[in-house]
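Below: the structure, in structure tokens.
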Amino acid sequence: MAFKIKREGRRKLRKNKHLPPQEKLIQLALFLATWSSVAALAAVFGELLLGAFPAFTSIDIIDFFTGTVWNPSHPMYPLYGILPLFVGTLMVSFGAALIAIPIGLGCSIWLAELASPRVKAIFKPAIEVLAGIPSVIFGFFALVILSEWIAAVFDPVTKLNALNGAIMLAVMMVPIMVTVAEDAMNAVPRSLREASLALGATKWETIRHVVVPASISGVMAAIVLAFGRAVGETMTVLMATGNATLLHFDMLRSVQTMTAAIAIDFGEVEFGSEHYHVLFLVGLVLFVITFLINFLAVWITKRFKEDY
Amino acid sequence: MLNRRTTEMMVFTFFRGCAVLVVLALIVLVGYILTGGLERLSIEFLTEMPRRANTQGGILPAIVGTFYLMLIVLAISVPIGVMSAIYLQEYESSSVMGRVFRLAVYNLAGVPSIVYGLLGLGIFVAYLGLGFSLISAGLTLSIMTLPLMITSAREAIAAVPSTVREASYALGATKWQTIWHQVLPYALPGIFTGIILSVSRAAGETAPLMLTGVAMSLQRLPDSFFDSFMALPYHVFYMATQSSDLLATRPIQYATALVLLLLVLGMNLIAIVLRKRYRDKYRW
């Protein structure tokens, strides 16, 4: 009850009823600046819709979503089937998630529950630094070094392949996951752990049955967010996966993702052509997918949140 | 079945292994770029124009181009971002609008960078007629970094305890006086951290540049904001995938990657140190 009254008071302080005129001006300026972010989101969506709109009339939209051939630069019969690109994106992102989820979770549990403060003081900045490395550097590493290692171990069909991109993306996903998941585990109150330990559980049993279930919303949101980042990543997959646009499910062969298709094809596309608008349509699909993933992350956080 | 203690030991070894693996990945990555790039890196490499289709000479135009992009982002994204953060944290009283703004910022942060490239191409390059130029790319990057900027500035402002504000009001200060003289000075280090991180993110971004007019090779520096330009990250990509002789120019590729890495990591490290000192200084 006391808490509620305090919040009411704070809200009244924020109501800004009797401000002098120059302060009103400042508030107006700040308000306009804030609207720019909403305007930016509207502009992104609006621009994608506008750019993609002519494609709705010039190509068959059902063919676009079910077509298995992506060959937009054919002079007579260009084919715009998004499936090879969509499958390429899914293969690379799911492959990356399969690698990144166990490693990321292990790393977050270790940092949140086990590491001593001194070791943590080294590991946490290292992970932040890893998160700050530009994607083109990861792409360069995958292209020049990682692909050689994979070629030596797996004898792949093509030297640049989906596995190459997946491993590199996994390295990029882990820092995002760890930051969010570790925060969630740190938010679990100590009393819960102490109660579990007092009942005779080992440390691992406490983590497994108390800490992880109590922070599950944050952990799941971390996974979903990292996955969303992987779906939208461009440069790494562009340089790592070889960009063959055939539809297949072989991790050791070359694939092209939706992001890479947009980046590459714009190098040669004619302004305002059919191909140009179809690429905006691919961008729109990408936007909708990442929007849904973000939405899912928010929903998970709300739905499974435990308040302490 | 395994003993409880043995299970615990095995699982914990796995967790430690995961953490070591992540740091190892960082060391291997930076180590390879460092050893590969150092042999070609020199003062001439940083200060000369590229010659013979980028196969000789330096990368000065790319460095300058990236520097200009960072300046544009600083000039546009920082004021708008900080102002929005102040508004959202200190003024916004309606919970509905607050939610709309929060959702917009949150979703903007998740939009893939290549989609921002499409936005830049459609609006800045084509619709506003800015052409394939420094300003188109800079504006695109500014919009891209805006959510990061707003979120970090907002966190910094939210971390200032409300007692500071209440004490200021009690002494008769107006709202803006309170924000300007009490809240912002305390939030400043946190805001700075956010600024550095946003700008370094913009410096390393490649995909939006590819759609808004980055040039493959220029023998000169851009002389206005409407000129075409080179940029470090795109130069790495271009040299590694499309240059005339991929193997022979490998040292140049490594050295360019190293310059970019040092630039971005340097800024990141400053941000991390700044944040740490700030956290140690103010414990509310």
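Observations, loosely collected:
- Any hit, region A:237-246, residues being buried (at least 19 other Cβ atoms within 10 Å of the Cβ), within 11 Å of chain B (Cβ to nearest Cβ) and within 14 Å of the chain's Cα centre (by Cα): yes
- If you filter region A:286-297 down to residues that are touching a residue at least 24 places away in the same chain (Cβ under 8 Å) and facing chain B (nearest Cβ under 10 Å), you find that the one that is nearest to A:Tyr77 (Cα to Cα) is A:Leu286.
- Of everything in region B:102-147 that is among the small types (Gly, Ala, Ser) and outside any helix (DSSP H, G or I), the residue that is farthest from the other protein chains (Cβ to nearest Cβ) is B:Ser133.
- Pairing residues of region A:119-143 that are closer than 11 Å to B:Val236 by Cα with residues that are of a type in the set (Lys, Arg) and modelled with pLDDT of 90 or more, at Cβ distances under 7 Å and at least 6 apart in sequence or on separate chains, gives no pairs at all.
- Test: residue in region B:3-24 that is closer than 16 Å to B:Ile252 by Cα, part of a helix (DSSP H, G or I), within 30 Å of the chain's Cα centre (by Cα) and more than 9 Å from chain A (Cβ to nearest Cβ): no
- Qualifying positions in region B:148-161 - assigned to a helix (DSSP H, G or I) and under 14 Å from B:Ile86 (Cα atoms): B:Met149, B:Ile150, B:Thr151, B:Ser152, B:Ala153, B:Arg154, B:Glu155, B:Ala156, B:Ile157, B:Ala158
- Flag: A:Lys17 does not match the condition of being surrounded by fewer than 17 Cβ atoms within 10 Å (Cβ to Cβ), among the basic types (Lys, Arg) and either modelled with pLDDT of 85 or more or under 30 Å from B:Leu139 (Cβ atoms) (or both).
- Residues satisfying the stated conditions in region A:98-113, i.e. in contact (Cβ under 8 Å) with a residue 24 or more places away in the chain and either surrounded by 21 or more Cβ atoms within 10 Å (Cβ to Cβ) or over 30 Å from A:His248 (Cβ atoms) (or both): A:Ala100, A:Ile103, A:Gly104, A:Leu105, A:Cys107, A:Ser108, A:Ile109, A:Leu111, A:Ala112, A:Glu113
- Some residue of region A:238-254 being within 18 Å of A:Ala52 (Cα to Cα) and of a type in the set (A, V, I, L, M): no
- Within region A:35-49, the set of residues being surrounded by fewer than 15 Cβ atoms within 10 Å (Cβ to Cβ) and either in contact (Cβ under 8 Å) with a residue 24 or more places away in the chain or farther than 29 Å from B:Ala104 by Cβ (or both) comprises A:Leu49 only.
- Members of region A:256-285 that are touching a residue at least 40 places away in the same chain (Cβ under 8 Å) and of a type in the set (S, T, N, Q): A:Gln256, A:Thr257, A:Thr259
- Of all residues in region A:237-284, those satisfying the criterion of being in contact with a helix residue (DSSP H, G or I) (Cβ under 8 Å, 6 or more places away or on another chain), part of a loop (DSSP other than H, G, I, E, B) and charged (D, E, K, R) are A:Asp250, A:Arg253, A:Glu270.
- Test: A:Val278 is aliphatic (A, V, I, L, M), touching a Phe, Trp or Tyr at 6+ places or on another chain (Cβ under 7 Å) and buried (at least 18 other Cβ atoms within 10 Å of the Cβ): yes
- Restricting region A:146-157 to residues that are within 27 Å of the chain's Cα centre (by Cα) and crowded, with 17+ Cβ neighbours inside 10 Å leaves a set whose member that is farthest from B:Ile33 (Cα to Cα) is A:Ile150.
- Residues of region B:187-237 satisfying the condition of being aliphatic (A, V, I, L, M) and closer than 30 Å to B:Asp280 by Cα: B:Ala187, B:Leu188, B:Ile191, B:Ile195, B:Ile196, B:Leu197, B:Val199, B:Ala202, B:Ala203
- Residues in region A:181-232 that are of a type in the set (S, T, N, Q) and more than 14 Å from every other protein chain (Cβ to nearest Cβ): A:Asn186, A:Ser191, A:Ser215, A:Ser217.
- Screening region B:25-47 for residues that are surrounded by 13 or more Cβ atoms within 10 Å (Cβ to Cβ) and more than 11 Å from every other protein chain (Cβ to nearest Cβ) and picking the one that is modelled with the lowest pLDDT gives B:Phe45.
- Selection from region B:25-56 of residues that are assigned to a loop (DSSP other than H, G, I, E, B) and without any contact (Cβ under 8 Å) to a residue 40 or more places away in the chain: B:Ser42, B:Glu48, B:Arg52
A quick yes/no check of all residues on (1) out of contact with any Ser or Thr (no Cβ under 9 Å at 6 or more places or on another chain); (2) not β-branched (Val, Ile, Thr):
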position	(1), (2)
B:Ile80	no, no
B:Ser113	no, yes
B:Leu119	no, yes
B:Ile123	no, no
B:Ala126	yes, yes
B:Ser133	no, yes
B:Ala153	no, yes
B:Ala156	no, yes
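- Output for region B:57-71, where each listed residue is assigned to a loop (DSSP other than H, G, I, E, B) and not hydrophobic (A, V, I, L, M, F, W, C): B:Gly58
- Within region A:158-187, considering residues that are surrounded by fewer than 24 Cβ atoms within 10 Å (Cβ to Cβ) and charged (D, E, K, R), the one modelled with the lowest pLDDT: A:Lys159
- Count - residues of region A:247-275 that are surrounded by 23 or more Cβ atoms within 10 Å (Cβ to Cβ) and within 12 Å of another protein chain (Cβ to nearest Cβ): 7
The values are calculated or read from the model by the stated rules, or taken from the named source; none is laboratory data. Please read all numbers here as calculations on a predicted model, not as lab measurements. Cβ: placed from backbone, ideal geometry, glycine included. Neighbour counts: every protein chain shown.
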